[in-house]
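Structure, as structure tokens:
The values are calculated or read from the model by the stated rules, or taken from the named source; none is laboratory data. Predicted model only: the values in this text are computed from it and were never measured. Methodologically, a virtual Cβ is constructed for each residue, glycine included, from the backbone with ideal geometry; neighbour enumeration extends over all protein chains shown. Just so you know, the surface numbers come from the protein's heavy atoms only, side chains and all, with ligands and any DNA or RNA stripped out. Shrake-Rupley method; radii C 1.70, N 1.55, O 1.52, S 1.80 Å.
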Amino acid sequence: MPSTSTSRAVAARPAPPLSGEAPVPGDKSISHRALLLGTLAVGETRISGLLEAEDVLNTASAMRAYGATVERQGPGLWSVHGVGVGGLTAPAAPLDFGNSGTGSRLVMGMAATTPVTSVFTGDSSLRRRPMKRVLDPLTRFGARYEAQPGGLMPLSLTGAGPALAIDYEVTVASAQVKSALLFAALNATGRSRIGQRALTRDHTEKMLAAFGADISVEPRSGGGEVISLMGEAELSPCAVDVPRDPSSAAFPLVAGLLVPGSVVSAPGVLLNTRRTGLFEALRAMGAEITVSNLRQSGGEDIGDIAVRFSALKGIEVPPEGAPAMIDEYPVLAVAAAFAEGRTVMRGLEELRVKESDRLSAIVAGLRANGVTVEELEDGLIVEGRGADGVPGGGMVETHMDHRIAMSFLVMGMAARAPVAVDDVAMIATSFPEFEGLMRGLGAELLSQ
Ligand code: S3P
């Protein structure tokens with residue numbers, strides 16, 4: 001389902017105190033994986049809390065194209081009748097993943113060890129994003145591809161059959177690459193071993209275990225870990241209850257920390273420690289954040305998060321924590337702009353290849369709103385405005401990036417003058433409820 005939304009500029013005005021509960025939608029990473037694993041299991045996988053946003057709906061369409069029956073049975077309630085590992089049929093038409101790096105890369109992995117040819121394409125942002133990081137390691141299984149110069153989409157991938165297990169060290173700090181290789185390994189003969197130094201999100205590993213795969217994860221003495229996964233797997237369907245997305249909860253929660261007098265909470269949020277780096281960084285900056293009602297859901301830790309307005313101070317954000325908050329740097333940079341003193345963020349080279357070059361998009365957005373920032377090759381140094389307040393008044397270019405749009409709208413809620421973003425259409429890729437939910441908390445968002 002390619003995006004049909006037309007572009008629309010919106011401004012956020014300085015808001016009165018925000019208050020209330022923010023039930024953000026389901027986790028995007030887990031939603032994609034639930035659809036893929038449902039397709040690779042034989043029988044019916046029932047999913048509740050699925051994120052019904054463009055990125056995930058595009059993945060659902062791709063799963064249908066490979067032969068799965070994917071049906072919506074109610075809000076967030078989906079059923080997938082899978083075809084089994086090795087049972088994918090060749091898609092009749094190109095697969096359009098819209099804006100989604102995760103959807104497209106995970107599906108490349110899934111299709112790399114079954115002898116079918118698939119064509120992958122996406123919107124103009126996705127067609128600029130690097131795919132060789134996934135495609136090249138997939139050739140180790142025997143897959144072949146033809147791509148645009150530089151390994152860009154549109155591209156066609158022909159899966160290997162039969163495929164042999166591999167030993168491979170993932171050198172980029174990317175859960176997408178690691179996960180693509182694990183999906184490919186499912187249909188290879190023998191046991192694959194995938195190593196990675198960075199401790200990136202581990203939802204694929206957890207869900208594979210829940211679907212009955214023979215998988216183990218060993219920490220390595222030299223750092224990182226090795227995942228070993230037996231191929232020619234038979235996966236059994238599983239009920240998946242998708243927790244709410246911490247990467248979406250970040251926006252109302254940071255707004256609550258920045259707008260004076262606010263008290264905001266988000267119930268049932270995924271608290272996997274490989275995803276919660278933002279909350280740790282904010283705590284180190286002096287944020288009042290409480291977590292209650294800790295529980296387990298679908299093999300993941302979840303809990304209710306509450307924040308109240310807090311005066312923040314700048315910090316050095318430890319670079320080794322980057323994978324646990326990789327999608328949260330835009331909103332962290334906005335929080336840093338309001339803090340007293342300097343915030344240094346490093347180890348962020350991956351931000352240059354997200355939905356936009358996020359480092360340069362953040363820098364341009366901060367400067368347009370009167371915040372001094374230094375751009376490093378792999379990071380940012382933000383000079384917090386503290387008691388002087390953030391002037392605001394700027395128009396921010398979002399470069400088809402949902403998280404840039406939401407982050408700067410949060411800035412406008414707490415700045416001295418409104419902050420506008422040139423386009424909110426892309427917010428529908430991950431958090432279609434954003435505007436309504438923020439208005440419900442008291443935010444003032446005006447179409448331009
Ligand atoms: C994701 C991994 C991250 C993250 C993306 C979701 C995933 O990307 O930025 O939003 O679900 O595996 P990388 O693997 O490229 O770091």
Among 217, 56, 410, the residue with the largest mean-square fluctuation in a Gaussian network model of the chain built from Cα contacts under 10 Å is 217
Can you give me the % of accessible surface on the chain that is carbon or sulfur? Probe 1.4 Å, all protein chains present, nothing else counted. 51 percent
About its Cα centre, the chain carries a charge dipole, from +1 on Lys and Arg Cβ atoms and -1 on Asp and Glu Cβ atoms, whose size in debye to the nearest 20 is 220 debye
Mind checking which of 61, 90, 198 is farthest towards the positive end of the range 28-241's charge dipole, using Cβ charges of +1 (Lys, Arg) and -1 (Asp, Glu) about the Cα centre? 198
Residue-wise HN-Hα coupling along the range 43-48, computed from phi with Karplus coefficients 6.51, -1.76, 1.60 (Hz; x: Gly, Pro): x, 9, 9, 9, 10, 10
Under the rule a/c < 1.5 gives rounded, and otherwise a/b versus b/c splits prolate from oblate, where does the range 28-241 land using the Cα gyration tensor? rounded
Kirkwood-Stokes translational diffusion coefficient of the chain, alpha-carbon pairs, 25 °C, 0.890 mPa s, µm²/s: 112 µm²/s
Gaussian network model of the chain, springs between alpha carbon atoms under 10 Å - residue of 423, 388, 241 with greatest fluctuation: 388
Take the chain, connect every pair of alpha-carbon atoms lying under 10 Å apart with a spring to form a Gaussian network, then pick out the residue of 204, 69, 102 with the largest mean-square fluctuation. 69
When you count, for each residue, the other Cβ atoms within 10 Å and take the mean per peptide, how do 287-296, 433-442 rank with the highest first? 433-442, 287-296
About its Cα centre, what dipole magnitude does the range 219-359 give when the only charges are +1 on Lys and Arg Cβ and -1 on Asp and Glu Cβ, stated in debye to the nearest 20? 500 debye
Report, as a whole number in µm² per second, the diffusion coefficient that Stokes-Einstein gives for the range 314-448 at 37 °C and 0.692 mPa s using the Kirkwood radius over alpha carbon pairs. 222 µm²/s
With 10 Å bins from zero, work out the P(r) of the range 352-417 over every alpha carbon pair and list the percent per bin. 22, 55, 22, 1
Of 162, 387, 323, which is farthest towards the positive pole of the chain's charge dipole, taken about the Cα centre with +1 and -1 on the beta-carbons of Lys, Arg and Asp, Glu respectively? 162
I'd like to check one number: the per residue accessible area of the range 139-289, probe 1.4 Å, reported in Å² as a whole number. 36 Å²
Roughly how many Å² of residue 97 are accessible to a 1.4 Å probe, to the nearest 10? 0 Å²
Given unit charges at Cβ for Lys, Arg (+) and Asp, Glu (-), the dipole magnitude of the range 268-323 about its Cα centre in debye, nearest 20, is 100 debye
Computed label-point distance, nm, for sites residue 232 and residue 372 using a 7 Å Cα→Cβ extension: 6.6 nm
Whichever lysines have a C-alpha closer than 21 Å to that of residue 178, once near sequence neighbours (fewer than 8 apart) are set aside: 28, 132, 206, 354
